[in-house]
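Written below as structure tokens is the structure these notes are about.
The values are calculated or read from the model by the stated rules, or taken from the named source; none is laboratory data. The model shown is predicted, which means the values in this text are computed figures rather than measured ones. Accessible surface is based on the protein model in full, side chains and every heavy atom, while ligands, DNA and RNA are left aside. Shrake-Rupley method; radii C 1.70, N 1.55, O 1.52, S 1.80 Å.
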Amino acid sequence: MSLLPFFHWLAVTHLGIAMRDSTWAFAIVEIIHLVVLAIFGGSVLFLDLRFMGLGFRSVSAPEMAREMLPITAGGAIAMFLTGFLLLISGPMRYYYNTPFRAKMVLFFSAVIFHFVLQASIARSRTQSDRATVVHRVSAVISLLLWSAVGLSGRAIGYF
Ligand code: HEM
């Protein structure tokens with residue numbers, strides 16, 4: 001199924017035209033995209049370090065997973081909303097952009113993987129401090145996925 005008609009439609013929406021015709025909107029939204037990236041990226045890093053048993057040992061992994069859920073979920077939603085605004089400023093440019101396509105696949109894979117991991121640890125009732133091998137490996141995969149999203153985001157402008 002081709003998304004081409006959807007991208008064509010995005011280009012003629014009021015919001016798409018407003019983002020494209022505005023002098024400052026793209027720059028302002030990209031600044032917000034990067035500021036949210038810093039907050040979201042930091043929260044994911046702290047969480048995955050805890051899941052690997054490499055920090056924040058005074059808080060149990062399930063407790064930290066529960067406490068950080070509003071920040072990581074809110075951050076992922078804010079990254080999507082600001083990213084979508086950047087996208088609709090020039091949908092056809094991004095439709096044919098390979099790093100952008102890779103980023104979308106990586107983004108949704110990272111979201112599913114990370115939140116399944118965080119939710120499963122948040123639900124666990126164990127108070128043990130020992131990071132299991134599954135948690136360690138999953139945390140490493142989560143960090144690699146999010147890093148790949150960031151790198152592909154940076155690469156968009158070069159293609
Ligand atoms: C956690 C997830 C995300 C991360 C880590 C991320 C990271 C980045 C980075 C590092 C840049 C480059 C900024 C620059 O060149 O100065 C960027 C730009 C961009 N991102 Fe994201 N992003 C994320 C999610 C999204 C999503 C979900 C979308 C689309 C729905 C998106 C769309 C874009 C677009 C269109 C650009 C502008 C690229 C350009 O024209 O240079 N991003 N992002």
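Couple of notes before you dig in:
- Restricting the calculation to Cα atoms, every distinct pair contributes to the Kirkwood radius of the stretch 4-158, found to be 16.8 Å.
- Ellipticity at 222 nm from helices only: DSSP H runs of n ≥ 4 in the chain, each -39500 (n - 2.57), divided by the residue count, give -27000 deg cm²/dmol.
- Of all accessible heavy-atom area on the stretch 86-159, the percent that carbon and sulfur account for (1.4 Å): 71 percent
- Hydrodynamic radius by Kirkwood, which averages 1/r over all alpha carbon pairs of the stretch 1-85, in angstrom: 15.2 Å
- Per-residue 3J(HN,Hα) values for the stretch 48-56, derived from phi via the Karplus relation 6.51 cos²θ - 1.76 cosθ + 1.60 with θ = phi - 60°, read 5, 5, 5, 5, 8, x, 10, x, 6 Hz in sequence order (x marks Gly and Pro).
- Entry comment: accessible area of the stretch 48-130 is 52 Å² per residue, from protein heavy atoms only and a probe of 1.4 Å.
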